[in-house]
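In what follows, a single structure is set out as structure tokens and then discussed.
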Amino acid sequence: MRSDLSLMPETKEITSPEQASAERWERETLEPVLKKRPERKRRFETVSLDEVGRLYTPADVEGIDFERDTAFPGEFPYTRGIHPTGYRGKLWTMRQFAGFGTPEETNARFKYLMAQGQTGLSVAYDLPTLMGYDADSPLSEGEVGKCGVAVSSLADMEVLFDGIPLEEVTVSQTINAPASVLLAMYLVVAEKQGADFSKISGTLQNDILKEYIAQKEWIYPIRPAMKLVVDTFEFCTRHVPKYNPISVSGYHIREAGSTALQELAFTLRDGIEYVQWGVDAGLDVDEFVPRISFFFNAHNDFFEEIAKYRAARRIWSRVMRERFGARDPRTMQLRFHTQTAGVSLTVQQPLNNIIRVAVQALAGVLGGTQSLHTDAYDEALALPTDKAALIALRTQQIIAEETGVANTVDPLGGSYFVESLTKKMEDGALDYFDKIDSMGGMVEAIEKGFPQREIQESAYQYQKSVERGDQTIVGVNKYVMDESDGMPILVINEGVRDQQVQRLERAKARRDAGAVSNALEKLKRAASDGDNTMPATIEAVRAYATLGEVCDALRDVYGLYEEPAF
Amino acid sequence: MAERKIRVLVAKPGLDGHDRGAKVIARALRDAGMEVIYTGLRQTPEMIAAAALQEDVDAVGVSILSGAHNTLCPRIVQLLRERGMDDCLVLVGGIIPQEDITRLKEQGVSEVFLPGTSTEDIVRFLRERVGARA
């Protein structure tokens, strides 16, 4: 990397022809120009505040071997993608995250999005659901249906997927602490539709580690929560083999303020932790790891993001082969979903967000994502309106079908800059792995507050950088305008809670109370004996035990997580 | 009279766990020389008001992104007033639609800060408003 001439070492070690010619260019061509016209800034940096060089040349990729490190798509180490044909065979899945209000309203939004050409579904649940409380809990007041759809029992889930064939449509569910319960509800709805479990495909987020690290929607202490995750691995491997029981997520780590490198490192190290727990529970890596999927952020810094995705694939394939002895190529292929960076959206001049989203989405595509959510322009104000959600989907369709970027595989492969940045990401992530391994693993690192502190520090440094004006945010710290308000936003009807509580009461009145309490007792026994909790969870939700009741049963056995102060 | 440091309670009510904003603000206020107490996550309005009284703070900064502001913020104000904290400022930061801002202010919220606000603006606001009362 050539960034600052004054920092160039005086004494030269053995120089390669590539270095020698780069130095000649600096001396003969660059220096005279810099004397006449200095550059705009002393330091150019990414949105992660990482320095970027002026020019990248063959000298920057000298340590990178094509066959070993870059290679061909569809082959180890998958730097260039997991499919030999990239998007020429199949485009990424356009999967817009949606959910608000009642299950009826969200069901209608799903059907609208599918009618507009969306190819997969993704459910956003409200905060009570995410925290394992029913709509009628006092803690749910003011929160029901606000930032996602409210689901308290199977009765809600039946409405949510009414008319949506779960054997055919892949559904992603963003749910973590109570994920096993929502998976159980989903499977019972599928069963009632007559679906064959062996054909059901879709994804459960179920990534509890990043909750302790970043998003902080936890219920139980870390270790029993990890046990619940392993239960879903075991259950799905045996009974729902096409389903992804986890989506190891960097998205929330990044939204909480991490750098791109921290997002990459902590997410993959979380992935390693899940694999290790699965192996320790007696699962075969080549049996369950192929169904582990990932989820990354697409932030503003275009090349940094692309390098992050390419590095993620390379690291994962090597770790699976070298650390876990994987033999099946599918175990080594990192598949991921991407969402554009919600945190980058501005309240100011909100239509500018359409452009941000388009560029971020393009990075996800050039990085080889398997599926993509594009944020709506009004999301710094509220949940998206129909119109905003539609433009977000159209953005993906334009990238896919008008720009030509999907015509060739990994078009940026071989770029001196992108390859060098990919290597830098890989090296940086491996350094973080060493640190976390030396603490005993990711669970121990979280207990020590390590990733949490790293992220807090980065978030603060970024804020300071924006306030100094080093990082530009158009409309916020540059090109600021006086704005008259008046953009229509989605308003959640305050009556959602009443409607949900009524449905909950009806479901409770109809159900067989004995069957519910038997199933909940069985669940508690499974939890305290260390048995797989999925069969009892399914039995409970089938009997219309509510989400809150099932989670309470597990709270009784496992206790609650208390965040240490750091 | 020795100058008393401005004391602020940074609070995160409701079920939401997104604490990036709360933590950045807490640190920025501390760096500006204020005494900051952070409540931690999932505090009820009752817990927040009790902490504000116990810590004898000049202001409560409420971070809220979940849409539950119309339920939670007025109750925090009301509970503070019931406990005799008539002068305690209540600042709200988060994703708050424009029409709700007007209503929240009518209900006693001192100011609402939206995404993109500079921490320096919040520091200045607190110095002016708390300083003016001293």
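The values are calculated or read from the model by the stated rules, or taken from the named source; none is laboratory data. It should be emphasised that the depicted structure is a prediction, and the values quoted were computed from it without experimental measurement. FYI the Cβ positions are ideal-geometry reconstructions off the backbone, even for glycines, and counts take in every protein chain you see.
Give the residue that is nearest to the chain's Cα centre (by Cα), with candidates limited to residues of segment A:208-248 that are among the acidic types (Asp, Glu) and outside any loop (DSSP other than H, G, I, E, B).
Looking only at segment A:208-248, we keep the residues that are among the acidic types (Asp, Glu), and these are A:211, A:217, A:231, A:234.
When the remaining residues are screened for being outside any loop (DSSP other than H, G, I, E, B), the result is A:211, A:231, A:234.
On the way: A:Glu211: 12, A:Asp231: 21, A:Glu234: 22 Å.
Residue satisfying both the conditions and the ranking: A:Glu211.
Mind listing just one residue for me: the one in segment A:371-397 that is farther than 12 Å from A:Leu490 by Cα and among the hydroxyl-bearing types (Ser, Thr, Tyr) and, of those, nearest to the other protein chains (Cβ to nearest Cβ)?
Out of the qualifying residues, it is A:Tyr377.
Does segment A:519-566 hold any residues that are within 14 Å of chain B (Cβ to nearest Cβ) and small (Gly, Ala, Ser), and which are they?
First, the residues of segment A:519-566 that are within 14 Å of chain B (Cβ to nearest Cβ): A:547-548, A:551, A:560-566.
A:Gly548, A:Ala565 - these are the residues of segment A:519-566 that are within 14 Å of chain B (Cβ to nearest Cβ) and small (Gly, Ala, Ser).
Only one of (1) of a type in the set (Gly, Ala, Ser); (2) touching a Ser or Thr at 6+ places or on another chain (Cβ under 7 Å); (3) part of a helix (DSSP H, G or I) is not met by B:Gly93, so which one is it?
Going through (1) of a type in the set (Gly, Ala, Ser); (2) touching a Ser or Thr at 6+ places or on another chain (Cβ under 7 Å); (3) part of a helix (DSSP H, G or I) one by one, B:Gly93 breaks only (3).
Go through the residues of segment B:24-43 one by one and say whether even a single one is in contact (Cβ under 8 Å) with a residue 60 or more places away in the chain, more than 14 Å from chain A (Cβ to nearest Cβ) and not small (Gly, Ala, Ser).
Yes - at least one qualifying residue is present in segment B:24-43.
Please work out which one of (1) crowded, with 19+ Cβ neighbours inside 10 Å; (2) in a helix (DSSP H, G or I); (3) of a type in the set (A, V, I, L, M); (4) in contact (Cβ under 8 Å) with a residue 24 or more places away in the chain is the condition A:Ala545 fails and give its number.
Only one criterion in (1) crowded, with 19+ Cβ neighbours inside 10 Å; (2) in a helix (DSSP H, G or I); (3) of a type in the set (A, V, I, L, M); (4) in contact (Cβ under 8 Å) with a residue 24 or more places away in the chain is unmet by A:Ala545, namely (2).
If you check A:Gly74, A:Gly86, A:Gly145, A:Gly81, which single one turns out to be within 13 Å of chain B (Cβ to nearest Cβ) and on the phi > 0 side of the Ramachandran plot? Spell out how you get there, then give the answer.
Details: A:Gly74 fails: within 13 Å of chain B (Cβ to nearest Cβ); A:Gly86 fails: within 13 Å of chain B (Cβ to nearest Cβ); A:Gly81 fails: within 13 Å of chain B (Cβ to nearest Cβ).
None of the others qualify; the one that does is A:Gly145.
Can you give me the number of residues within segment B:9-25 that are under 13 Å from the mean Cα position of the chain (by Cα) and closer than 18 Å to A:Val144 by Cα?
Here the count works out to 2.
Taking A:Ala515 as the residue in question, decide whether it is within 11 Å of another protein chain (Cβ to nearest Cβ) and either farther than 30 Å from A:Ser344 by Cβ or small (Gly, Ala, Ser) (or both). Explain how you work it out, then say what you get.
Details: within 11 Å of another protein chain (Cβ to nearest Cβ): no; either farther than 30 Å from A:Ser344 by Cβ or small (Gly, Ala, Ser) (or both): yes.
No; evaluated as a whole, the condition is false for this residue.
So, in segment A:419-455, how many residues would count as being part of a helix (DSSP H, G or I) and either closer than 14 Å to A:Ile213 by Cβ or in contact with a Leu (Cβ under 8 Å, 6 or more places away or on another chain) (or both)?
19
Could you please let me know if A:Lys464 is more than 14 Å from every other protein chain (Cβ to nearest Cβ) and outside any loop (DSSP other than H, G, I, E, B)?
Answer is no for this residue.
Report yes if A:Gly368 is surrounded by 20 or more Cβ atoms within 10 Å (Cβ to Cβ), more than 14 Å from chain B (Cβ to nearest Cβ), of a type in the set (Gly, Ala, Ser) and over 21 Å from A:Thr174 (Cα atoms), otherwise no.
Criteria met by A:Gly368.
Anything in segment A:136-149 that is touching a Lys or Arg at 6+ places or on another chain (Cβ under 8 Å) and under 20 Å from A:Tyr112 (Cβ atoms)? List them, or say none.
A:Gly145
So if I check each of B:Leu126, B:Leu72, which one is away from chain A (no Cβ under 13 Å) and either under 13 Å from the mean Cα position of the chain (by Cα) or outside any helix (DSSP H, G or I) (or both)? Steps first, answer last, please.
On the way: B:Leu72 fails: away from chain A (no Cβ under 13 Å).
Exactly one residue qualifies, and that residue is B:Leu126.
Do you know which residues across segment A:318-342 are surrounded by fewer than 23 Cβ atoms within 10 Å (Cβ to Cβ) and either assigned to a helix (DSSP H, G or I) or modelled with pLDDT under 95 (or both)?
Result: A:Arg318, A:Val319, A:Arg321, A:Glu322, A:Pro329, A:Arg330, A:Gly342.
In segment A:91-138, which residues are within 14 Å of chain B (Cβ to nearest Cβ) and not small (Gly, Ala, Ser)?
A:Phe100, A:Tyr125, A:Asp126, A:Leu127, A:Pro128, A:Thr129, A:Leu130, A:Met131, A:Tyr133, A:Asp134, A:Pro138
Under 6 Å between Cβ atoms, at least 6 apart or on separate chains: pull out the pairs that start in segment A:317-329 with a residue that is closer than 15 Å to A:Asp69 by Cα and in the same structural domain as A:Val275 (by TED's automatic domain parsing) and end on any residue that is hydroxyl-bearing (Ser, Thr, Tyr) and at pLDDT 95 or above.
Listed by first residue and then by second, the contacts come to A:Ser317/A:Tyr78.
Residue by residue through segment B:75-123, note down the ones that are more than 14 Å from chain A (Cβ to nearest Cβ), farther than 27 Å from A:Asp378 by Cα and surrounded by fewer than 20 Cβ atoms within 10 Å (Cβ to Cβ).
If the condition is that a residue be more than 14 Å from chain A (Cβ to nearest Cβ), farther than 27 Å from A:Asp378 by Cα and surrounded by fewer than 20 Cβ atoms within 10 Å (Cβ to Cβ), then B:Gln78, B:Leu79, B:Arg81, B:Glu82, B:Arg83, B:Gly84, B:Met85, B:Asp86, B:Asp87, B:Gly108 are the ones that fit.
Looking only at residues in segment A:467-515 that are hydrophobic (A, V, I, L, M, F, W, C) and within 18 Å of A:Glu158 (Cα to Cα), which one is surrounded by the fewest Cβ atoms within 10 Å (Cβ to Cβ)?
Among residues in segment A:467-515 that are hydrophobic (A, V, I, L, M, F, W, C) and within 18 Å of A:Glu158 (Cα to Cα), the one surrounded by the fewest Cβ atoms within 10 Å (Cβ to Cβ) is A:Ala509.
Determine whether B:Glu3 is more than 17 Å from B:Thr117 (Cβ to Cβ) and free of Cβ contacts under 8 Å to residues at least 12 places away in the same chain.
Considered against the rule, which asks whether it is more than 17 Å from B:Thr117 (Cβ to Cβ) and free of Cβ contacts under 8 Å to residues at least 12 places away in the same chain, B:Glu3 comes out as yes.
Scan (1) modelled with pLDDT of 95 or more; (2) closer than 25 Å to B:Arg27 by Cα for the single condition B:Ser66 breaks and write down its number.
Checking B:Ser66 against (1) modelled with pLDDT of 95 or more; (2) closer than 25 Å to B:Arg27 by Cα, the one that fails is (1).
How many of the residues making up segment A:271-295 are touching an Asp or Glu at 6+ places or on another chain (Cβ under 7 Å) and either buried (at least 24 other Cβ atoms within 10 Å of the Cβ) or not in a loop (DSSP other than H, G, I, E, B) (or both)?
The number of residues fulfilling the criteria is 2.
Here are the criteria: (1) more than 20 Å from A:Tyr561 (Cα to Cα); (2) in a loop (DSSP other than H, G, I, E, B). Tell me which single one A:Ser198 does not satisfy.
All conditions are met except number (2).
Give the residues of segment B:9-20 that are among the small types (Gly, Ala, Ser) and more than 9 Å from chain A (Cβ to nearest Cβ), sorted by residue number. So that I can check it myself, show each step before the final result.
Keep residues of segment B:9-20 that are among the small types (Gly, Ala, Ser), which gives B:11, B:14, B:17.
Within segment B:9-20, B:Ala11 is the sole residue that qualifies.
When you go through (1) at the interface with another protein chain (Cβ under 9 Å from one of its Cβ atoms); (2) over 15 Å from B:Leu104 (Cβ atoms) one by one for B:Leu53, which number turns out not to apply?
So B:Leu53 meets the others, but not (1).
Can you name the residue in segment A:399-418 that is in a helix (DSSP H, G or I) and touching a residue at least 40 places away in the same chain (Cβ under 8 Å) and is also surrounded by the most Cβ atoms within 10 Å (Cβ to Cβ) among such residues?
The first filter runs over segment A:399-418 and keeps only residues in a helix (DSSP H, G or I), leaving A:399-401, A:416-418.
Then drop every residue that is not touching a residue at least 40 places away in the same chain (Cβ under 8 Å), which leaves A:399-400, A:416-418.
Details: A:Ile399: 24, A:Ala400: 17, A:Tyr416: 17, A:Phe417: 19, A:Val418: 22.
This residue is A:Ile399.
For segment A:19-33, what are the residues that are hydrophobic (A, V, I, L, M, F, W, C) and surrounded by 13 or more Cβ atoms within 10 Å (Cβ to Cβ)?
Within segment A:19-33, A:Ala22, A:Trp25, A:Leu30 qualify.
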